[in-house]
Protein chains: 4
Amino acid sequence: MEIELGSGKRGRRAYTFDDIAVVPTRRTRSAEDVSTTWSIDAFTFDTPVIGAPMDSVVSPATAISLGRMGALGVLDLEGLWTRYEDPEPILEEIASLPAESATQRMQALYAEPIKAELITQRIAEIRDAGVVTAGALSPQRTQEFYETVVNAGVDLFVIRGNTVSAEHVSSQAEPLNLKQFIYDLDVPVIVGGAGTHRAALHLMRTGAAGVLVGFGGGAASTTRAALGVHTPMATAVADVAGARRAYLEESDGRYVHVIADGGIGTSGDLVKAIAMGADAVMLGVSLARATDAPGRGCHWGAEAHHPTLPRGRRVNVDQVATMQEILSGPASTTDGTTNLIGALRKSMATTGYSDLKEFQRVDVVVTPYE
Amino acid sequence: MEIELGSGKRGRRAYTFDDIAVVPTRRTRSAEDVSTTWSIDAFTFDTPVIGAPMDSVVSPATAISLGRMGALGVLDLEGLWTRYEDPEPILEEIASLPAESATQRMQALYAEPIKAELITQRIAEIRDAGVVTAGALSPQRTQEFYETVVNAGVDLFVIRGNTVSAEHVSSQAEPLNLKQFIYDLDVPVIVGGAGTHRAALHLMRTGAAGVLVGFGGGAASTTRAALGVHTPMATAVADVAGARRAYLEESDGRYVHVIADGGIGTSGDLVKAIAMGADAVMLGVSLARATDAPGRGCHWGAEAHHPTLPRGRRVNVDQVATMQEILSGPASTTDGTTNLIGALRKSMATTGYSDLKEFQRVDVVVTPYE
Amino acid sequence: MEIELGSGKRGRRAYTFDDIAVVPTRRTRSAEDVSTTWSIDAFTFDTPVIGAPMDSVVSPATAISLGRMGALGVLDLEGLWTRYEDPEPILEEIASLPAESATQRMQALYAEPIKAELITQRIAEIRDAGVVTAGALSPQRTQEFYETVVNAGVDLFVIRGNTVSAEHVSSQAEPLNLKQFIYDLDVPVIVGGAGTHRAALHLMRTGAAGVLVGFGGGAASTTRAALGVHTPMATAVADVAGARRAYLEESDGRYVHVIADGGIGTSGDLVKAIAMGADAVMLGVSLARATDAPGRGCHWGAEAHHPTLPRGRRVNVDQVATMQEILSGPASTTDGTTNLIGALRKSMATTGYSDLKEFQRVDVVVTPYE
Amino acid sequence: MEIELGSGKRGRRAYTFDDIAVVPTRRTRSAEDVSTTWSIDAFTFDTPVIGAPMDSVVSPATAISLGRMGALGVLDLEGLWTRYEDPEPILEEIASLPAESATQRMQALYAEPIKAELITQRIAEIRDAGVVTAGALSPQRTQEFYETVVNAGVDLFVIRGNTVSAEHVSSQAEPLNLKQFIYDLDVPVIVGGAGTHRAALHLMRTGAAGVLVGFGGGAASTTRAALGVHTPMATAVADVAGARRAYLEESDGRYVHVIADGGIGTSGDLVKAIAMGADAVMLGVSLARATDAPGRGCHWGAEAHHPTLPRGRRVNVDQVATMQEILSGPASTTDGTTNLIGALRKSMATTGYSDLKEFQRVDVVVTPYE
C-alpha cells in the first residue's frame, strides 16, 4: 500500500468515506431484527451516537435531550457554557455575525475566562436530569480543571484535541501524563483524536476506555489548508480498529472503543464509519442541523476561534428537522441528513447483519464519488 | 484487485459506467448486419430494453406501446395504478408539486392501500393488447398479491427490491421462500437487485429466469448518501455475468439472464451494460424523458415515498422526444438520450460484433470522465 | 496494465492528454536550434500540422493559406463545398442558428447531394495555388468518388471515418478493399481513425502512408455519451506508435506516419501528442478558433449532422486570433490557443530535443489535472 | 512507479501538494519548542521563507521588510525596478488594467530596456538597510549583467528560469557555463528551476548553494496548457531531495539546499513542501496577497509578458493581511493564507518534530482533495 512519491519519500494511499461504499452480499434481514445498541464501560445506549463537545451542537439542554433519545451528549467544558453565566445571547450573536467578521468576533468572545463554578453548575444540571453525564476538556486544560470536573460528577470524561498523543514533549510545562492521570481517575476516559494505528495503540496503553479517531469538526475545519495535516477517515478508522485488535491481544482482553470523530455529514457516512470498524460515532454537523441545536443554524469548532491561528470557520448549516427526527426519524428529507439510526438499521438489514459488532465486518468497495 | 483500506480492512476497487469506455479493435461491420434481438424463456424481443416498474415510466398504456415497439414494459403493481381507480390526476399533481414539499405529499399519496381488483384490471388491460405482459411486486408484498397477479395472467413475473437475497432472515414473519415460490409458479420470474457474484449466484439457484443487477432508480436515488450502500454498475454487471457462467456450469446448462437495472442514463451507458455482460437493460430515467411517459417530465422510484426513510427524490427530467424516438430514433439530440437502439447498433457495428451475446466480449478500457 | 473490472472482465487503464505532462530532465537547448519539419512521402512541411477536413476548419481558401504557412489543409470532399455551388451563405446560416435547432437544420442542409464536378473544381482551386493538395472522403463514399478525386489531382488522399478498419464486413454491399484500393492508387493514402495497436497495424499493412489516431472532432463530439465508445488519446497515440515500430520491422523498413486526430485543443495537447509518438497532428477546434476560419466562431464535425444518429454538436468557439497567429504567433493569449508552433519549439528546447523524431522519446509523467 | 501508458511509452505517476497530506503519528510537542530556523552558507534566517523575484511580490522596500521579519526577499533584476527610474506608476497601471488587455500592455511595458545603473542603485538600497541582499537574473541575461550585480554587493545570487539546466546547447551564442561561472563568483548561487533528480544533480555539480525546485509562478502560470510541461511539486521536491542526498555522498559532504519554488498557495502547501524534503520555500502568490505587496492585489510572473509566447497571466489576488501577518500572524483568516510560520510551527508540534531538518522525515499519505 506504500507508494513511492519521489526518490526516497513514500506514503500510503489513504481513503475517505467518500471513496468507499458498503455492498450487500448474500443475506438480507428484517430491519426490526437489527440492534443498534452500544455499551461502553457500565453504560448502555440505544444508539452509537455521541453529540460532539462543540457549542453549536451540545448545550446542557441538548445533552439531556440526547440522553433521553438513547444517545450521549458531551458538553464542551471550555465553551461558552463555562465562560458565561448566560451564553444564550452570545450564541444568538454568533449566529447573526456576518461571515467576514465572524472569526475576529469569536476570537474576542472566547477570550472570556473559563469559570470553575460554571463547570460544576453545568455538569450538575445534566446529571440531575438522570442521563449519562459527560464533559470534555482539551489536553492543555485538563490539569487545571479535571478535579472540578470529576467532583462535579461526570460519568465519562473526554479529553479531546486535534491531535492527542500519549507522549507529549514540552520544555516549559510538565505535560499531562495521560497514563498516570487515567490510572488515578475513577471515571472512564475517552481520548483523542488519533489517526493512525501507532498513535491509537499508544493511547490505548494509557488505559483509555475509548479513542476518538480523527480531528473532529470536519465540516467547519480548514486544518488541511492551514496545516497540511489531514486524516482520511475511512483509513483512519480501520487503522485504529486494527490497533484495538492488537491491544486486545497484548492486554489479554481489554476492549477499547473506537469512536469516529469527524467527516460524518450524512447517515451514509455514519454507516461507513461502523463498517470500517468504529464502535460509535461522534457527530458535529449532523446534529448542528437540528432546529433545536444551540448553534441556531450555525456550526463551529474550537479551531474557529484560536487567538492566533484559527483553522476553522463558523459555517451555516441547513436546519433540516428536530434533533429527534435527525436521530431516529421519521425522515422527510432524502439526502441522509435525517433518521440517521433508521438508515443505519436499514443498511444493516440490507446486508444481513444483526448488531454493530458484526456489521464492522461488512464488505466495502472502493468507488470514489464522481 | 483487493486494496488494503486500513489495518485489516480490505475492499475491491469497483467501477461505474463512467469509468469505462468501449474501444474498437480490428474489424468493423455494417450497422444493418447487426441484430439486437433478445430472447428470454419463450419470449423474443427486437430490443434488449425493459421499461422499469416505476410510475413515472410505465403505465398500462406505455407497457402496451413498449411491447409494440419491440421492448417490454413492466408495470409496478404497488404503484398508483393499483392504488387509485384513476391515477391520472395523481400523476398530474405529483408533476406539479414544488420540490420542497414533494417528498411529504408523495408519502401521503402512496399511503393509499393497494387493491387486488385493480391489479387484475391493469394486467388484463395490457394482456388484451396482445403484448408480452409483465408486472412487478416487492419481496415484501409478493406473498400477499402473487396469486392475484398470476391469475390475472402475466407472462413474466418480476420481484424487485433495492436488495433481494435468496436468504432473508426475519424473526417476525415467515419470509418468502424464493426457491419454493419460483418452483411452484408457472410463469418465469425475474428477481433482484443483486450487486455481487455471490448474491446473484444464490438468486440463480432459486430458479429465477433473470437477475436484476443494481438497485434501480439511479437517477432519482439517494441511497448512497442515505445508506452508504452503493453498487458501481460496471463491476456489478461483470460480476453477475461471472455468476451466470458459474451457474451455467453447475446447473448443466441453465442460462439465467443478467439484466442491468440502474445507472443507465444514456445510450452510451446501455452499450456499456451489454459490453460488461448484460443480456438486457431495465430503463428508468431514459424512458421517463419521453413526452408520452406517465411522469410528465418527472421521475421517481419507490424509495422516494418511503414513509419513514425516503431515499430518493422526484427529479425533473428533460422531455426530449417521444418514447418511440428515444428507443429507435431518428435522433435529433446528440447526447445519447434518443435513438438508444440506433446507438447500440452503431457501437456493435463499429467494433465488428453481430449480436448481443458476442458483443459482451468487446474490449473496454478504464478511462474516467474528467 | 490490465485491470480486473469484475469477474472475468478485464480492461486496460488508458490515458488522455489531460492525464499526462512532459517533464524536462537534464539538457536545455536554444529554441532557434529546434526543427519542427515534417516530411511524408515526397512532401515536406515546416510544421507537423494538418487542418482537419471539417467545414468549420478548412475551405479551399484556408487550405491554400495553411499550405503557404507551412502546414497542410485537407478539404472535406463530402462537406458543403462539394454540395453547394456557393457555400458561404450556408456557412453564414449555420453560424447564426440557435443552439436548440442547429442539429435539425444541419441535418437538412447536409441532405443536399454531393456533386462530382464540385469535387473537381475545389481540388483544382487549391492545386492551382501551388500548395500541397489533399482531400478527404469517408470509407462509405470512397468507391463512389475516388476516381473523381484522383483525376482532379490530389497529392495526398485521406480516408477518414470515426473508425476505419482494414476488414469491414457487410452482407449487403461489397466493402472497400483498402489494400487493393491503395495498391491501385498512385497517390499516398492517409487512413483512420484507429485507436489501438492491432487496428493500426492492420491499417498499416494495407499500404497506407499514414494512420489517423483517434476519432476526430473531440471538441464537438458526443461519441462517448452516445455510443459508449472512447479512445483516450495519449494511450492511443502510444499504441499506434508501437504498431509503427512493429510494422517497420515486419516490412523491412516501411515507415508509416502516425497522425493524432482529436483531443488537441491547446498547444500543450499538441506537444503531448508528439511526446507520445505522433509524427504530426490533425487539428480541428484549434484552427476553428481563427478569425479567418470558415466556421465563423462555430465548429462541428460530420457526426453533428448524421441523419438518424447525430453524435456531435455545432459548438461555439472563441475567435482568438488569425490562423497565422494561431499557428506561429506572436501570441497575445496565454492559454495555449495561439502560437502553437512557438510553444512546441519552446517545449522541445526546454527538454533539449532538436527534432520531432527525437522529441517522441521525451519523458512524461502521469499527473491528472485537478 | 513506472506506468505503461501505451505500447512502449512509460511514465511515472507524479504527485502534487493537493494529492498528499501530513499525518501525525505518535508524539506531540509544544509549539514553543519548535525551531523554524534556516541557514544557508553564512546566512541564518528565522524562517525558511524566500520572497520570489517577481514584481508583484518583491520591491526594494519589501525586500527590506522581509529581511527584518526573518525572511529573505529576492529582487527581480530584470523587472520594473531596473527598467524604470520610478516604477510605482507602472505598478499602479498594471494593477488597473482590464483583464482582456493586460497581457498586451504588459508586453509593451516590459519592452523598456534594463539599465545597469538601476541594478546597482536598487541593490545598494537593500544592502544599506542592513538585511541579507539577494537579486535574481535569468540565465539568458546572467552573462550581460552579473558583474554589475556582484559589484553592487549582493550576498546571494539567484539564477532563475522556467527550466535551467547545467548543460544548455546553443548553436548561436556561447551558453553560460554554469560551473565555471559559479566557480569564479565570490557569492553563493541559487539556481533553478529543476524538476527531476537528474536535472537537480547536474545543477548541484555546478557548485550551486541551492537548487530551486519547480518552475515558479504556479498561481499565475499557464505553462501546462501552453507547453504541455508540468512538474507536480510533491514528487519534484522529493526527487530533488533525493539528489541532495546522492550529491552529499558523491561530494563527501557538500549540502545543497532544496528550495521549493511554485505551487505554494497556502500554509498547508508550505508544510508539505518541507515534509517532502525542502529546506526552504520561495513564495509568490502567498506574499502577493499582502496589502503592502507591490502588486496591489495583482500577481504575475515573467512568463506573463513574454513578447511572442506569454505563458502566464496577471491574476487578481485577495489582499488578506499585511506581509507581517501573512508571515507570522496573528491570523484572522482560516484558509491558510495568513500566519504561515505559525501554521508550520503547529504542524511540526502536532507531529512531534523540533526542527525543519527532522520534519523532512514526517509521514505523509496520498489522499487527493475531492
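No lab work stands behind these numbers, since they all come straight from the coordinates. Quantities reported herein were computed from a predicted structural model and do not represent experimental measurements. In this analysis, Cβ positions are derived from the backbone assuming ideal geometry, glycine residues included, and neighbour counts consider all displayed protein chains.
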request  = State whether chain C is rounded, prolate or oblate according to the following rule on the C-alpha gyration tensor (a ≥ b ≥ c being the square roots of its eigenvalues): a/c under 1.5 gives rounded; otherwise a/b larger than b/c gives prolate, and the remaining case gives oblate.
outcome  = rounded
query = With each label point set 7 Å from Cα along the Cα-Cβ vector, what nm distance links C:D86 and B:V150?
reply = 7.7
note = Once both label points are put 7 Å beyond Cα along the C-beta direction, the C:D186-A:M1 separation in nm becomes 7.0
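Where Lys and Arg each count +1 and Asp and Glu each count -1, what net charge lies around C:T351 among other residues with Cβ under 11 Å from its Cβ?
Charge balance in the 11 Å sphere: +3.
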task = Work out from phi, with θ = phi - 60° and the Karplus expression 6.51 cos²θ - 1.76 cosθ + 1.60, the ³J(HN,Hα) of each residue of the stretch C:326-341, listed in order in whole Hz, and give x for Gly and Pro.
result = 4, 6, 10, x, x, 8, 10, 9, 10, 9, x, 9, 10, 6, 4, 6
remark   = Placing one equal point scatterer on each C-alpha of the protein assembly as shown and summing with Debye, one gets log10 I(q)/I(0) at q = 0.05 Å⁻¹ equal to -0.44
key: Footprinting exposure proxy for A:T231, D:T367 (fewest neighbouring C-beta atoms within 10 Å first)   = D:T367, A:T231
request  = Please arrange C:S170, B:S221 by counting, for each residue, the other beta carbons lying within 10 Å of its beta carbon, fewest first.
outcome  = C:S170, B:S221
request  = Taking each label point as 7 Å beyond Cα in the direction of the beta carbon, state the distances from A:E88 to the same residue in the other copies, shortest first, in nm.
outcome  = 5.7, 5.7, 8.1
request  = Among the listed pairs B:K346/C:K115; A:K346/B:K179; A:K357/D:K272, give every one whose C-alpha distance is greater than 29 Å.
outcome  = A:K357/D:K272
note = By the Cα gyration tensor axes a ≥ b ≥ c (a/c under 1.5 gives rounded; else a/b larger than b/c gives prolate, otherwise oblate), the shape of the stretch D:195-268 is prolate
inquiry  = List the residues, sorted by chain then number, that are 5 or more residues from D:V169 or on another chain and whose placed amide H is less than 5 Å from its amide H.
reply    = C:T28, C:R29, C:S30
ask   = Most mobile of B:A288, B:A278, B:A111 per a Gaussian network model of chain B (Cα springs, under 10 Å)?
value = B:A111
query = What order do you get for D:F215, D:F359 when you list them from fewest to most C-beta neighbours inside 10 Å?
reply = D:F359, D:F215
remark   = Taking alpha-carbon centroids only, the stretch D:12-29 lies from the stretch A:67-106 a number of Å equal to 33
Cα-centre dipole for chain D with unit charges at Cβ (Lys and Arg positive, Asp and Glu negative), debye to 20 = 1040
ask   = Which chain A residue puts its Cβ closest to the axis that rotates A onto B, and at what distance in whole Å?
value = A:P368, 6
ask   = A:E174 label points, 7 Å along Cα→Cβ, one per copy: pairwise distances from this copy to the rest in nm, shortest first?
value = 7.3, 7.3, 10.3
request  = Measure out, as a whole number of angstrom, how far apart the alpha-carbon centroids of the stretch C:179-210 and the stretch C:139-175 sit.
outcome  = 11
message = Rounded to whole Å, give me the distance from the Cα center of the stretch C:292-329 to that of the stretch C:223-277.
response = 22
Under 5 Å, built H, 5+ apart or other chain: amide partners of D:L5 = D:R10, D:G11
inquiry  = Using a 7 Å offset from Cα along Cα-Cβ at B:R10, what residues in the stretch A:1-16 end up with backbone N under 12 Å from the label point?
reply    = A:1
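DSSP beta bridges in the stretch A:20-366, what fraction antiparallel, as a percent rounded to 5? Walk me through the numbers on the way to the answer.
Details: 9 of 37 bridges.
Bridges in the stretch A:20-366 that DSSP calls antiparallel: roughly 25 percent.
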key: Label spacing, shortest first and in nm, from A:E144 to its equivalents in the remaining copies (7 angstrom along Cα→Cβ)   = 6.2, 6.2, 8.7
request  = Which order do the peptides D:323-333, A:39-49 take when ranked by the mean count of other beta-carbon atoms within 10 Å per residue, highest first?
outcome  = D:323-333, A:39-49
Value at 222 nm in deg cm²/dmol, rounded to 500, when DSSP H runs of n ≥ 4 in chain A each add -39,500 (n - 2.57) = -10000 deg cm²/dmol
query = For peptide C:268-275, how many partner chain Cβ atoms fall within 10 Å of a residue's Cβ, on average?
reply = 3
